[in-house]
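What follows is a set of notes on a single structure, which appears directly below.
Rule-based calculations on the coordinates, nothing more; no lab input. Note that the structure is predicted; figures quoted are calculated from it, not measured. With ideal geometry, Cβ positions are generated from the backbone for all residues, glycine too; neighbour counts draw on all protein chains shown.
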Amino acid sequence: MGKSLISGFSGGVQVAKAEDGNDAGYLLLSPTLAVMALTLAAPLALLFLYSLTRTTGPVLEGGATLAQYAEVLGREGYRALFWRSLGISAVVTLATVALAYPMAYFVAFHAGRRKFLWLIALTIPFWTSYLLRVFAWKIILGYGGVINSALISMGLISAPLEFLLYNPFSVVVTLTHAWAAFAILPIYVSLEKIDRSLLEAATDLGDGPLRRFLRITLPLSMPGVIGAALLVFVPTTGDYVTPTLVGGPQGAMIANIISVQFDRVGNWPLGAALALASMAVVGVLAMLFVAAARAAAKAAR
Amino acid sequence: MKNRWLLVYAAAYLAFLYLPVLFLPLFSFNASQYIAFPLTGFTTQWYTALFADTAMLQALSNSLKVGVVTAILSTLLGLLAAKAVTQYRLKGTGTALGFIGLPLFIPDVVLGIALLLLLAAIGFPLSLATVVLGHLCLCTPFALAVLIARFEGFDRSLEEASADLGENGWMTFWRVTFPLMLPGITASLLLTFITSFDEFLIAYFLSGTDATLPVFFWSQLRFPARLPVVLALGALILLASVVLVVLAEVVRNRGVAPDKKTIGA
Amino acid sequence: MSFLSVTRVIKRFGDVEAVKAVDLEVPRGAFFALLGPSGCGKTTLLRMIAGFEQPDDGVIAIDGVAMNGVPAHQRPTNMVFQSYAIFPHLNVFNNVAYGLRRDGLGKDALRARVEAMLATVRLEGMGARRADQLSGGQRQRVALARALVKQPKILLLDEPLGALDKRLREQMQVELRALQKSLGITFLLVTHDQEEALSMADHIAVMNGGRILQIASPRDLYERPNCREVADFIGEINFFHASVKEIAGDNVTCNAGLLGIVPVPRRAFGFAIAAGDHVLLALRPERITLSGGTVAGEIAAASFLGERSHYHARIAGRSEPVFVASSGPAPKGPVMLGWNPADVIALPFVE
């Protein structure tokens, strides 16, 4: 098996019938699939099983039940948390994409030969520890933090501002900063792909810069914008570090209550149900969003 | 006119991106233990304290170990899968790719917890090895994405030309396939290493008594006295990452025309 | 014995037979072309000769040695690939020297051979250039040099000129032909471009649907195609349906409907005929005159192309125009189309 793995890997230029070739292909794919099955499929399957029980320990016992899901959907507190998480993510997505668009536009259309440099400059901050970046915001927004101490030492305020930290506002600001690069790159790529001669044609037919942007550039960059929105929305709903460090009780999100079930409370089935329910909700929303975007694009034609 | 405003916006945006990050090194040289303005004075004491902090250095070493192992394994898995998928006509390629790519769409907290559940159920003890397992799950899709892009741009007839000119399978791989894949492999190793090195949540759930660096940082965040030393290490890591990334991008784009340079692999 | 012989070779991909029991003999030192439209099996056949595919049946032999089971890297053939397949990570010199590395040549001998080959393809002094710094024409020469420097018994060329612009293509056609003649190496070229095949090759095999339709010299293919497909594929031609009226010694008389009663020399029929048979008569555009003939017609369109003009002539009862190529002044008014009976091509009619 090792030999055919190697020969399958070294380019398939050996004499082989078509069927042999494909076997080598499946063989090549199997280790990766096996690892992913072990680390992804099996755990998720187990999580699903857990969510259907009432057990308290590692061993599954008791019959199957939908009680956990009923709890998740029924309890007011959980529902409110879901809505808040989705709301925060939605605001973050909006803010991130809206702020990223002009930046991406600048690099695509006005950076000339320095495009490469700008792109590197924009992505460098994101090669650093996410944890430390969130912590940086904590020290910026905090009671004794950078903003407050700067404003006080400049004499602009007499007492520290309290609203900066430990609420949804701080979560939104921190997440918007953390996910900026994920929004810039897809938008940049789709702007870059726009055939410049389309813009020249629009100008030739009488459009000024603003009209041209609204009628040609913006619609053609929509795939990138939608990609960016999904890329930001889906992961931020499940973020743990930011709400924990800067959110306080008011800014808690789904990931916080999920991990609490496993850390302290010990109600693993409930935690599992919360996890899967939130994944399902976010997944459905994402698909609805994409469908709505497609419908809007069709209508605009 | 529009250019001027856009440029101002771009500069402001860049400032917004960098300022929070730059506060870390800034306060790592500040004499005060408290992370607040006004600055009290320049000092390198936190950096010297850093090198004496054995717990932190141990965590750093753990992260490096986990990172290197994850990078190599996930790149290898990505390489095999990318080759299989781009150069053979296999049934179910779409499904396989969708499955392998799932971790990109699942929140870290779910990935970590699910794997924790599995390990607890089979009674497998937590350690750096289990962290590697979790990171493999997370990093393999990244490796796969980078390497598939690289393979798709690979001209199959190059391997045939090498065979035509007299080289057998192994030599063809050595002389043609591997050198041409090297930039992609390097990019994948870099990406997966950094992803694993910085990863907190999955490591938090899956590590036993040995902490990785982010998990260690997390435990220190409660103690204000320890913060400047943490910032010092953070600043050093920031510097190292920047140097690595810039180097990697420059090497990758060496010899490419200025307008054809790309970001990432 | 011929240098390359392909005997009853069949190749299947799944349910499809890409190459159907093909027989081919290529003499030593010839410039041979496989000509046909996309999908006709010519590239598959070439790849089987090179060793990248194995035939499902039949034998391929080079210089008397059967090649079945012999892998590509051990065959005495070298190929110029359609995409040129220049190694991007090596410079020109190392690309050309690639196949020589394991031949045990000393450093100086290797250098001498590579530089001599670079000079032969007119790339001398370019050894240090990187692959991405070459133009299309230069890449083509590098691919050629790289294959030829190994002194193969047969050089295989897979649509080598397709990516070049017209002027460069014509130039390379002349150069390739001269190169082949001076080196004496057997060349096997695969192309869909009939002009390319006609101008470069000594022998051409026309393929379609996995079969070889005709093997002949360029002139014979043009003047004596053996079937409608070959006649249609090479150059422009006009077809007319006819039935055999009478066969008398060296002359055959056909009833060609719109063209009237047409005399055709017996030797134009390369196949058996009997009175009453449905046949196709064909005429090349340059063999039809616009005056002094027997068929009345009108010029529907004309294009001036320099040394000659192309006309579409409409004749009564035929919806398709007749293509005529003539170098005289443009005729005014109605024309009388005529031809020399010796120029009539006779083909079997197949449903």
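Annotation for region A:59-118: GluC sites (Glu not before Pro) lying in DSSP loop with at most 15 further Cβ atoms inside 10 Å of their Cβ are A:61.
If R0 is 60 Å, the Cβ-Cβ spacing of residue B:127 and residue A:161 corresponds to a FRET efficiency of close to 0.85. Quotient of the Cα radius of gyration of region C:236-348 and 2.2 N^0.38 Å, N being its number of residues: 1.09.
Would you please name the chymotrypsin sites (Phe, Trp or Tyr not before Pro) within region A:124-195 that are DSSP coil residues with at most 16 other C-beta atoms within 10 Å of their C-beta? Please list the in-between numbers first.
Working: sites: A:126, A:127, A:130, A:135, A:137, A:143, A:163, A:166, A:169, A:179, A:182, A:188; in loops: A:143, A:163, A:166, A:179.
Taking region A:124-195 and a limit of 16 other Cβ atoms within 10 Å, the loop chymotrypsin sites (Phe, Trp or Tyr not before Pro) found are A:143, A:163.
Here, region C:134-212 is characterised by an Rg to Rh ratio of 0.95, where Rg is the alpha-carbon radius of gyration and Rh the Kirkwood radius.
What's the longest piece of chain B with no exposed trypsin sites (Lys or Arg not before Pro), counting a site as exposed if DSSP puts it in a loop and it has at most 11 other beta carbons within 10 Å?
Details: sites that count: B:89, B:91, B:222, B:254.
Longest gap between qualifying sites, sites excluded: B:92-221.
Taking the centroid of alpha carbons for each part, region A:21-45 and region B:53-116 are 12 Å apart.
Shielding by partners for peptide B:17-27, expressed as the average number of C-beta atoms from other protein chains within 10 Å of each residue's C-beta, is 6. Here's the picture: a label point sits 7 Å out from the Cα of residue C:266 along the beta-carbon direction, and within region C:217-248 the residues with their amide nitrogen under 17 Å of it are C:244-248. Express in whole angstrom the spacing between the alpha-carbon centres of region A:101-120 and region B:142-198. Spelled out, the Cα-based centre of one part sits 29 Å from the other. By the count of neighbouring beta-carbon atoms within 10 Å, fewest first, C:207, C:67, A:154 end up ordered A:154, C:67, C:207.
Show me the ranking of peptides C:284-291, C:8-15, C:322-329 by mean Cβ neighbours inside 10 Å, starting with the highest. Walk me through the numbers before you get to the answer.
Working: C:284-291: 18.0, C:8-15: 13.8, C:322-329: 15.9.
Result, highest mean first: C:284-291, C:322-329, C:8-15.
Relative to the 2.2 N^0.38 Å rule of thumb, the protein assembly as shown has a C-alpha radius of gyration ratio of 1.25. For chain B, the longest principal axis of the C-alpha atoms and the axis of helix B:178-198 are separated by about 30°.
Counting other Cβ atoms within 10 Å of each Cβ, which trypsin sites (Lys or Arg not before Pro) in region A:85-146 have at most 10 and sit in a DSSP loop? Working shown, then result.
Details: sites: A:113, A:114, A:115, A:133, A:138; in loops: none.
When the trypsin sites (Lys or Arg not before Pro) of region A:85-146 are filtered for loop state and at most 10 Cβ neighbours within 10 Å, nothing remains.
If one takes the longest principal axis of the Cα atoms in chain B, at what angle in degrees, from 0 to 90 and to the nearest 10, does the Cα axis of helix B:227-252 lie? Between the helix axis and the principal axis of chain B, the angle is about 30 degrees.
Using the Cβ-Cβ distance between residue C:165 and residue C:38 with R0 = 25 Å, the FRET efficiency computed as 1/(1 + (r/R0)^6) comes to roughly 0.75.
Of A:32, C:294, how do they rank once you tally other Cβ atoms within 10 Å and put the fewest first? Provide the component values of the computation, followed by the final result.
Values: A:32 25, C:294 12.
By the 10 Å Cβ count, ascending: C:294, A:32.
The mean number of partner chain beta-carbon atoms within 10 angstrom of a residue's beta-carbon across peptide B:117-127 is 4. When A:195, B:155, A:239, C:232 are arranged by Cβ crowding within 10 Å, least crowded first, meaning fewest neighbours, the order is A:195, C:232, B:155, A:239. With viscosity 1.567 mPa s and temperature 4 °C, the Kirkwood radius over alpha carbon pairs of region C:1-45 converts through Stokes-Einstein to a diffusion coefficient of 111 µm²/s. Ignoring aspartates and glutamates fewer than eight residues from residue C:42 along the same chain, the ones with Cα atoms less than 13 angstrom from its Cα are C:17, C:23, C:53, C:158, C:159, C:193. Of the beta bridges in the protein assembly as shown, as assigned by DSSP with both residues counted there, near 75 percent are antiparallel.
Please find the FRET efficiency linking residue C:278 to residue C:181, where r is the Cβ-Cβ separation and R0 is fixed at 51 Å, and quote it to the nearest 0.05. Mind showing how you got there, number by number?
On the way: r = 44 Å, r/R0 = 0.87.
Computed FRET efficiency for residue C:278 and residue C:181 comes out at 0.70.
Peptide A:257-263 has a mean of 3 when you count, residue by residue, the C-beta atoms of other protein chains within 10 Å of its C-beta.
Calculated from DSSP H runs of 4 or more alone, at -39500 (n - 2.57) each and per residue, what is the 222 nm mean residue ellipticity of chain C, nearest 500? Mean residue ellipticity, 222 nm, calculated: -6500 deg cm²/dmol. Each label was represented as a point 7 Å from its Cα along the Cα-to-Cβ direction; for residue A:207 and residue C:241 these points are 5.5 nm apart.
Taking the mean number of other Cβ atoms within 10 Å as a proxy for protection, how do you rank C:99-110, C:17-28, B:106-117 from highest to lowest?
Numbers: C:99-110: 13.2, C:17-28: 18.1, B:106-117: 25.2.
Highest-to-lowest ranking by the protection proxy: B:106-117, C:17-28, C:99-110.
Sorted largest first, the principal axis extents computed over the alpha-carbon atoms of chain A equal 73, 67, 40 Å. Remark: C-alpha extents of region B:1-61 on the principal axes read 56, 31, 14 Å, sorted largest to smallest. Over chain B, dividing the summed -39,500 (n - 2.57) contributions of all DSSP H runs of at least 4 residues by the number of residues returns a 222 nm mean residue ellipticity of -24000 deg cm²/dmol. Test of understanding: extend the Cα→C-beta vector of residue B:40 to 7 Å, then name every residue of region B:216-242 with backbone N under 14 Å from that spot. Under cut-off, by backbone N: B:224-229.
Treating each Cα of region B:5-142 as one equal point scatterer and applying the Debye formula with no solvent, the log10 of I(q)/I(0) at q = 0.12 Å⁻¹ comes out as -0.84.
If both residues of a DSSP beta bridge must be in region C:4-232, then about 55% of such bridges are antiparallel. Taking label positions 7 Å along the Cα-Cβ direction at both residue C:59 and residue A:222, the computed distance is 6.6 nm, reported to one decimal. Placing dummy labels 7 Å off each Cα toward the beta-carbon, the span from residue A:45 to residue C:307 is 7.6 nm. In this structure, the residue pairs whose Cα-Cα separation is over 21 Å, taken from B:91/C:20; C:107/C:150; C:153/C:181; C:150/C:181; B:83/C:150, are B:91/C:20; B:83/C:150. Mind grabbing the base-10 log of I(q)/I(0) for chain B at q = 0.13, 0.14 Å⁻¹? Debye formula, identical points on the C-alpha positions, no solvent, two decimal places. Reported log10 I(q)/I(0), two decimals: -1.03, -1.12. Here region C:66-93 is scanned for amide nitrogen atoms under 19 Å from the site 7 Å beyond the Cα of residue C:124 along Cα-to-Cβ, giving C:92-93. If you take the Cα centroid of region B:200-244 and the Cα centroid of region C:157-190, the two points sit 65 Å apart.
Of all aspartates and glutamates in the structure, those lying under 18 Å Cα to Cα from residue A:115, and not within fewer than 8 positions of it along the same chain, are A:192, A:195, B:249, B:259.
Restricted to Cα atoms, chain C shows a radius of gyration and a Dmax of 24.3, 76 angstrom.
Computed about its Cα centre, the charge dipole of region C:4-232 is approximately 780 debye, with only Lys, Arg, Asp and Glu carrying charge at their Cβ.
Counted as membrane-span-like here are DSSP H helices of chain A whose alpha-carbon atoms extend 30 Å or more along the helix's own axis and whose Kyte-Doolittle mean is -1.0 or above; these are A:76-110, A:268-300.
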